[in-house]
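Visitor: Handing you a structure now.
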Amino acid sequence: MADPAVASQPGNALAIVLVVLLAFLGATLGTRFLNLGLLQGIAFQLPELGMLALAMMLPLVSGGINLAVVATANLSGLTMAFVLHALAPSPFAIPVALAAGALVGCAIGAVNGGLIALVGISPIVATLGTMTFVEGLGIGLTHGGVISEFPAPLLLIGQGTLAGVPLDLILFGLTAAAVALVLQRTPFGRHIYLIGSNAEATRFSGVDIRHVRLGVYVLSGAICWLGGLIMMARFNSANASYGQSYLLVSILVAVLGGIHPDGGSGRVGGLLLALVLLQVISTALNLLGFSNFLTMTVWGAALIVVVLLPRLRQVIAARLSPRPGAGAGPV
Amino acid sequence: MRDLFRNFGRSHEAFLLIAVVLVGFILAVATPTFLSWRNLFNLIDSYAATGVFGAGLLLVLIAGGIDISFTATAAISQYLTASLLVARGGDWVSVFAVSAVVGAAIGTLTGLLVHTLRVSAIIVTIATLNMLYGVLIFVTNGAYIYDLPDWFTDGGSLVEIADTPDSTYSISIQAAVLAVVLAATAVILRHSSVGRQIYGLGGNAEAARRLGVNILRLHLLVYGYMGLLAGIAGVIEAQLAHSVAPAALIGTELDVLAVVLLGGASLAGGVGGVFGTILGLALLAELQNGLVLLGISSYWSRLLVGSVIIVSSGAAVLGRRAQAARARTDKVPARG
């Protein structure tokens, strides 16, 4: 069955933009742009933001939002850092630290899910509260300081490669694949889409939407933990307020990648495309000698363009074709 | 009259007022400095910009929208105004006028984007926040402006009052602007047809449209007003800081949102008022000030703010649910 919606999915427009941009940059900048070192640079930067964008995507698809992604990643990171230092020489330090970080990420997710699904607070307000609370907890416990110097095996995640591919990119790829699998191939994933498009109807069709919402935020918290892991491994330090600019950018990436901000649609593939596009833009602007801040402007503009395109198409289509039923008189 | 009191007794504002008075009482007893005029006026000065932003955001929220790009609007208006001031000179009137006009222009454009794109306003304003802030830093290279004229940096106090010979406080330009802005916002919301339309739009957009409300005009108005106030907040912030830093305001947008939500506004639109926003601001200022005065490390300030947001929004939801349940039982005729 031909799906007319496919043609209007922003993912396709995005792919075209990306190919054109790559061709243009390849032609004008040549090997300055298309070389292995640069691609590896992109590959190292991408997973950090990508993980947070994945954590943002699940709540967005369910019709919610998670403003606490960066704060959760940071508190998970701080927890792991604390455990690593407390158990320093022990061989169990790393596994215990990982478990503790995962626990913190999931716990914050459960609190988010509880406030949203059980208490009934709107997702923006609830996660605005937990974001502030969780960041505040980190700042209070560390007095705003950093915990740094981690054992070598952990740092490998942020700096090591496997057959030339950065390990954090592999970790991100696996996570993205898992999220895609959950969304596309499981009943839980189908329910997330259903809730995002019409929560009431889903509830009446016998789905316990509270469980699904709770699951979405716990999963989101778990992905934040992985994001926190990558961040601490890359910086060799953890802090309560790292990467705050990622919060709004992670929403930007998700929406740019075709995840509808009101929920119900969007795929991991679109998100990946948007991530690559943003990294290419940022790298190209850097090469051309523009400041990083211009990148923010271009990213913002890209988001406006992507949401403007379907709207333009709508308006043009409405102008060109006579309204169905027009001429038949008022009904 | 009794109904009025009964409604107030159940309202969000009443709970907030009790909380503000209670926290104020505890702080007044526990610390000698809290209830001094000097401390209170200092508090007003440092929270004035947040209050001015909050008044604008309140209007946007009541109309059913949201704006988080106002800090970038303020930063741009502030920077342009300060640059002009340094290059050409000026006076209070011109400073406020330029900044307010620039802010209102950016705000109106934001409103136009929100209206035409038909995407949730938070997405649009995330995009504009990034664009505006990026342009500002790109053009200015992040350079501070320090060489503001003396009349501007020294002219913050309008009326100087001596509390005791060694402690003076003053009614500052910040306090005066905050008072004027809050009063104006209250008048717009409570005593104008535009205000009623804003509540109507936020309460039920479709009904408002069918009643012939010009939604484009309202969108331009509320986002333009938000921008106007952002420009004004930029000026009083620069006066307080004695300098202009392009990045100083960015990142505070969610704090302002927290204040307005704490004050009883809702992201669903249609509810909220200036009195609630004042109380929300007062409670937050009291709590953060209290931490410092009680000698608890200010590192715990954010945790406190987060707790307040969670508790107050949870209480508001549970309160509404209880009210709805009461309304249901009232309707059902008693049996037997």
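The values are calculated or read from the model by the stated rules, or taken from the named source; none is laboratory data. Computed from a predicted structure; not experimentally measured. Reconstructed Cβ throughout: ideal geometry from the backbone, glycine too, with neighbour counts over all protein chains shown.
Visitor: Could you list, in sequence order, all residues of the range A:135-157 that are more than 7 Å from chain B (Cβ to nearest Cβ), out of contact with any His (no Cβ under 9 Å at 6 or more places or on another chain) and either assigned to a helix (DSSP H, G or I) or not aliphatic (A, V, I, L, M) (or both)? Explain how you work it out, then say what you get.
Guide: Filtering the range A:135-157 for residues more than 7 Å from chain B (Cβ to nearest Cβ) gives A:138, A:141-142, A:145-157.
So of that shortlist, the ones also out of contact with any His (no Cβ under 9 Å at 6 or more places or on another chain) come out as A:138, A:141-142, A:145-146, A:148, A:151-157.
Across the range A:135-157, the qualifying residues are A:G138, A:L141, A:T142, A:G145, A:S148, A:P151, A:A152, A:P153, A:L154, A:L155, A:L156, A:I157.
Visitor: Identify all residues within the range B:195-219 that are within 24 Å of B:V52 (Cβ to Cβ) and surrounded by 15 or more Cβ atoms within 10 Å (Cβ to Cβ); write none if there are none.
Guide: Just the residues of the range B:195-219 that are within 24 Å of B:V52 (Cβ to Cβ), to begin with: B:195-199, B:201-202, B:217-219.
Result: B:G195, B:Q197, B:I198, B:Y199, B:L201, B:G202, B:L218, B:H219.
Visitor: A further question follows. Only one residue in A:I94, A:I124, A:I116 is touching a residue at least 12 places away in the same chain (Cβ under 8 Å), in contact with a Pro (Cβ under 9 Å, 6 or more places away or on another chain) and within 12 Å of chain B (Cβ to nearest Cβ). Which one?
Guide: Working: A:I94 fails: within 12 Å of chain B (Cβ to nearest Cβ); A:I124 fails: in contact with a Pro (Cβ under 9 Å, 6 or more places away or on another chain).
From the options A:I94, A:I124, A:I116, the qualifying one is A:I116.
Visitor: Kindly indicate which of B:L281, B:L261, B:L257, B:L229 is in contact with a Phe, Trp or Tyr (Cβ under 8 Å, 6 or more places away or on another chain) and under 20 Å from B:S307 (Cβ atoms).
Guide: Numbers: B:L261 fails: in contact with a Phe, Trp or Tyr (Cβ under 8 Å, 6 or more places away or on another chain); B:L257 fails: in contact with a Phe, Trp or Tyr (Cβ under 8 Å, 6 or more places away or on another chain); B:L229 fails: under 20 Å from B:S307 (Cβ atoms).
Of the residues listed, the single one that is in contact with a Phe, Trp or Tyr (Cβ under 8 Å, 6 or more places away or on another chain) and under 20 Å from B:S307 (Cβ atoms) is B:L281.
Visitor: I'm trying to understand the selection: among the residues of the range B:93-135, which are out of contact with any Ser or Thr (no Cβ under 6 Å at 6 or more places or on another chain), under 21 Å from A:L256 (Cβ atoms) and among the polar types (S, T, N, Q)?
Guide: B:T116, B:S120, B:N130
Visitor: Could you tell me whether any residue of the range A:186-197 is in a helix (DSSP H, G or I), at pLDDT 85 or above and within 12 Å of the chain's Cα centre (by Cα)? It would help to see each step written out before you state the result.
Guide: First, pick out the residues of the range A:186-197 that are in a helix (DSSP H, G or I): A:187-197.
Right, trim to at pLDDT 85 or above and you get A:187-197.
The next check asks that each one be within 12 Å of the chain's Cα centre (by Cα); those that pass are none.
Checked the range A:186-197: no residue is in a helix (DSSP H, G or I), at pLDDT 85 or above and within 12 Å of the chain's Cα centre (by Cα).
Visitor: Still on this structure, I have one more. Exactly one of (1) part of a loop (DSSP other than H, G, I, E, B); (2) loosely packed, with under 13 Cβ neighbours inside 10 Å is unmet by A:L181. Its number?
Guide: So the condition that A:L181 fails would be (1).
Visitor: Pairs please, first residue from the range A:220-231 and within 17 Å of A:I94 (Cα to Cα), second anywhere and modelled with pLDDT under 95 and not in a helix (DSSP H, G or I), Cβ atoms under 8 Å, 6+ apart in sequence or on different chains.
Guide: Partner pairs satisfying both residue conditions: A:G228/A:A238; A:M231/A:A238; A:M231/A:Y242; A:M231/A:G243.
Visitor: Residue check: is A:T202 in a helix (DSSP H, G or I), of a type outside the set (D, E) and at pLDDT below 90? Break it down into steps so the answer makes sense when it comes.
Guide: Details: in a helix (DSSP H, G or I): yes; of a type outside the set (D, E): yes; at pLDDT below 90: yes.
When the stated conditions are applied, A:T202 passes them.
Visitor: Please name all residue pairs, on different chains or six or more residues apart, with Cβ atoms under 6 Å, provided the first residue is in the range A:237-265 and is free of Cβ contacts under 8 Å to residues at least 24 places away in the same chain and the second residue is of a type outside the set (G, A, S).
Guide: A:L248/B:I126
Visitor: Restricting to the range A:87-138, name every residue that is within 30 Å of B:A316 (Cα to Cα) and among the polar types (S, T, N, Q).
Guide: Narrowing the range A:87-138 to residues within 30 Å of B:A316 (Cα to Cα): A:103-138.
Result: A:N112, A:S122, A:T127, A:T130, A:T132.
Visitor: With the requirement that a residue be modelled with pLDDT of 85 or more, small (G, A, S), over 21 Å from B:A28 (Cβ atoms) and outside any helix (DSSP H, G or I), what does the range B:270-325 give you?
Guide: Once the filter is applied, which keeps residues that are modelled with pLDDT of 85 or more, small (G, A, S), over 21 Å from B:A28 (Cβ atoms) and outside any helix (DSSP H, G or I), the range B:270-325 yields B:G270, B:G272, B:G273.
Visitor: Let me ask something else about it. What are the residue pairs meeting all of these: first residue in the range A:296-318, first residue in contact (Cβ under 8 Å) with a residue 40 or more places away in the chain and at the interface with chain B (Cβ under 9 Å from one of its Cβ atoms), second residue crowded, with 18+ Cβ neighbours inside 10 Å and outside any helix (DSSP H, G or I), Cβ atoms under 9 Å, and 6 or more apart or on different chains?
Guide: A:V307/A:P261; A:V307/B:V119
Visitor: Here's a follow-up. Assess whether A:S205 counts as being more than 30 Å from A:P95 (Cα to Cα), free of Cβ contacts under 8 Å to residues at least 24 places away in the same chain and not acidic (D, E). Outline the logic, then answer.
Guide: On the way: more than 30 Å from A:P95 (Cα to Cα): yes; free of Cβ contacts under 8 Å to residues at least 24 places away in the same chain: yes; not acidic (D, E): yes.
Against the criterion (more than 30 Å from A:P95 (Cα to Cα), free of Cβ contacts under 8 Å to residues at least 24 places away in the same chain and not acidic (D, E)), A:S205 qualifies.
Visitor: Moving to a separate point now. Taking into account only those residues within the range B:100-121 that are under 20 Å from B:L257 (Cα atoms) and surrounded by fewer than 22 Cβ atoms within 10 Å (Cβ to Cβ), which is nearest to the other protein chains (Cβ to nearest Cβ)? Quick ask: steps written out before the conclusion?
Guide: Let us first name the residues in the range B:100-121 that are under 20 Å from B:L257 (Cα atoms), namely B:103-104, B:106-108, B:110-111, B:114, B:119-121.
So of that shortlist, the ones also surrounded by fewer than 22 Cβ atoms within 10 Å (Cβ to Cβ) come out as B:108, B:120.
Numbers: B:T108: 16, B:S120: 5 Å.
It comes out as B:S120.
Visitor: Given the criteria among the aliphatic types (A, V, I, L, M), out of contact with any Phe, Trp or Tyr (no Cβ under 7 Å at 6 or more places or on another chain) and within 11 Å of chain A (Cβ to nearest Cβ), does B:L294 qualify? Step through it out loud before you land on a result.
Guide: Numbers: among the aliphatic types (A, V, I, L, M): yes; out of contact with any Phe, Trp or Tyr (no Cβ under 7 Å at 6 or more places or on another chain): yes; within 11 Å of chain A (Cβ to nearest Cβ): no.
It is false that B:L294 is among the aliphatic types (A, V, I, L, M), out of contact with any Phe, Trp or Tyr (no Cβ under 7 Å at 6 or more places or on another chain) and within 11 Å of chain A (Cβ to nearest Cβ).
Visitor: Just one of the numbered conditions (1) under 17 Å from the mean Cα position of the chain (by Cα); (2) under 22 Å from A:V125 (Cβ atoms) is not true of B:A268; which one?
Guide: (1)
Visitor: Would you please list the contacts, defined by Cβ atoms under 8 Å and residues six or more apart or on different chains, that run from a residue in the range B:234-251 that is of a type in the set (S, T, N, Q) to a residue that is in a helix (DSSP H, G or I)?
Guide: B:Q239/B:F152; B:Q239/B:T153; B:Q239/B:I173; B:Q239/B:Q174
Visitor: In this structure, is A:I147 under 22 Å from A:L226 (Cα atoms) and crowded, with 18+ Cβ neighbours inside 10 Å? Explain how you work it out, then say what you get.
Guide: Numbers: under 22 Å from A:L226 (Cα atoms): yes; crowded, with 18+ Cβ neighbours inside 10 Å: yes.
Yes: the conditions hold for A:I147.
Visitor: With (1) away from chain B (no Cβ under 14 Å); (2) surrounded by 24 or more Cβ atoms within 10 Å (Cβ to Cβ) as the list, and A:V218 as the residue in question, which single condition is left unmet?
Guide: (2)
Visitor: Let me ask you something else. Are any residues in the range B:218-272 within 22 Å of A:L248 (Cβ to Cβ), of a type in the set (V, I, T) and more than 14 Å from chain A (Cβ to nearest Cβ), and if so, which ones?
Guide: B:V222
Visitor: Let me ask another. Being within 14 Å of chain A (Cβ to nearest Cβ) and among the charged types (D, E, K, R), is that true of even one residue in the range B:129-147? Talk me through it step by step, then tell me what you get.
Guide: The first filter runs over the range B:129-147 and keeps only residues within 14 Å of chain A (Cβ to nearest Cβ), leaving B:129-143.
From what's left, among the charged types (D, E, K, R): none.
Taking every residue of the range B:129-147 in turn, none turns out to be within 14 Å of chain A (Cβ to nearest Cβ) and among the charged types (D, E, K, R).
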